[in-house]
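Derivation of every value follows stated rules applied to the coordinates shown; laboratory data play no part. What you are looking at is a predicted structure, and each value in this text was computed from that prediction instead of being measured. Here the Cβ positions follow ideal geometry from the backbone for every residue, glycine too, while neighbour counts run over all protein chains shown.
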Amino acid sequence: MVVEIKKIGVIGSGQMGSGIAHVCALSGFDVSLSDLSMDRIESGLASINGNLARQVQKGQITEEERSAALGRLSMAQDLDLLADVDLVIESAVENEQVKRKIFAQLCPILKPEAMLATNTSSISITRLAATTDRPERFIGIHFMNPVPLMELVELVRGIATEDETFEAAKGFVKTVGKTVAVAEDFPAFMVNRILLPMINEAIYTLYEGVGSVESIDTAMRLGANHPMGPLQLADFIGLDTCLSIMQVLYEGLADTKYRPCPLLVKYVEAGWLGRKTHRGFYDYRGDEPVPTR
């Protein structure tokens, strides 16, 4: 069954989910944003509104385009409100059990021809698809953070993903103005397979006392011409997400080079998850970020 994608459901209204809803609405799709509570959905919509306003200020879009995009957004705390969507993009926390639970609740609600996608950055698409009633219509659509700014989307087929699903997903990604990179269904795909071990190694460098937070980030910014240091980037991604991806790599590839740094584990156990909790490798509670080590 070939479906024309007109209406999209996005599950998860955090930084990634709201970013996906933002670019979809701006590209002309009707979007229903879902989360566990109305407070979370309203917070996500407020973020979208603010980001659209900044795009207007920068001359990237017009006020009319901003208003039209906001008009295409709706709230769907109840998953039943996603019954008529053509594509659902799950963007919940990077935890396989949470995603499985969402799919179990969602699949009986969706129309038979609806496509189901996950924004996972590391978990097996084949394994997630097998928990649904439509593995042939299931695909990985991995947007990069922050979604409105980053041009790349990794498109990942599971073993059962049909060609029609893949082509429809590829067309959708191009419609929202992103560039497709096709990745095979291996742990962490391409971007995070390369990026997260580099971040993990930077944390080991800190853990072993080779350099301080500031010196490590400065070295990589100025010595490798990276736009931000790896520890600053880890805080931006979220240290819990970094740890989850490293655990997927370590368990999925059975190679000790992917062992998460004990210091990363300690920060996550302390609840120091980066920008979203105002403390990570930097303390963000003051006017300027201050290294915590």
*asked:* Please report the equivalent ellipsoid semi-axes of the range 192-291, computed as sqrt(5 x eigenvalue) of the Cα gyration tensor, largest first, in whole Å.
replied: 21, 16, 12
*Quick one: net charge around Ala160, please, counting Lys, Arg +1 and Asp, Glu -1 for every other residue with C-beta under 14 Å from its C-beta.*
-2
*Taking the Cβ of each residue in Thr218, Thr165, Thr241, Thr126 as the centre, tally the other Cβ atoms inside 10 Å and list the residues starting with the fewest.*
Thr218, Thr126, Thr241, Thr165
*Whole-Å distance, taken between Cα centres, linking the range 239-266 and the range 154-204*: 19
*Across the chain, how many lysine pairs separated by 8 or more positions, or lying on different chains, have Cα atoms within less than 22 Å?*
17
*Calculate the length of the line joining the C-alpha centroid of the range 50-68 to that of the range 1-45, in whole Å.*
18
*Counting other Cβ atoms within 10 Å of each Cβ, which GluC sites (Glu not before Pro) in the range 101-190 have at most 14 and sit in a DSSP loop?*
Glu113, Glu151, Glu184
*For the chain, with +1 on Lys and Arg beta carbons and -1 on Asp and Glu, the positive-most of His226, Ser18, Gly44 along the dipole*: His226
*Would you mind checking the tilt of helix 191-207 against the longest principal axis of the Cα atoms of the chain, expressed as 0 to 90 degrees and rounded to 10?*
30
_With +1 assigned to the C-beta of every Lys and Arg and -1 to the C-beta of every Asp and Glu, and no other charges, what is the dipole magnitude of the chain about the Cα centre in debye, to the nearest 20?_
380
*Round to the nearest 10 and give me the degree value, 0 to 90, for the angle of helix 15-26's Cα axis relative to the longest principal axis of the chain.*
40
*Taking Rh as the Kirkwood radius, which is the inverse of the mean 1/r over Cα pairs, what is the Rg/Rh value for the range 143-182?*
1.00
*Pull up the DSSP beta bridges for the chain and report the antiparallel fraction as a percent, rounded to 5.*
25
*Determine the principal axes of the Cα atoms in the range 37-100, then give the extent along each, sorted from largest to smallest and rounded to whole angstroms.*
42, 26, 22
*Grab the other residues whose beta carbon is less than 15 angstrom from that of Arg293, score K and R as +1, D and E as -1, and report the net.*
-3
_Using only DSSP helix segments of four residues or longer, with each worth -39500 (n - 2.57), what per-residue ellipticity at 222 nm results for the chain after dividing by its residue count and rounding to 500?_
-13500 deg cm²/dmol
*Linear extension gain, Ser43 paired with Thr292, 0.36 nm per residue minus alpha-carbon span*: 86.8 nm
*Order of Lys257, Lys7 under a 10 Å beta carbon neighbour criterion, fewest first*: Lys257, Lys7
_How tilted is helix 38-57 with respect to the longest principal axis of the chain? Cα atoms for both, answer in degrees (0 to 90, nearest 10)._
80
*Please go through the range 192-293 and write out the GluC sites (Glu not before Pro) that DSSP classes as loop and that have at most 12 other C-beta atoms within 10 Å.*
Glu208
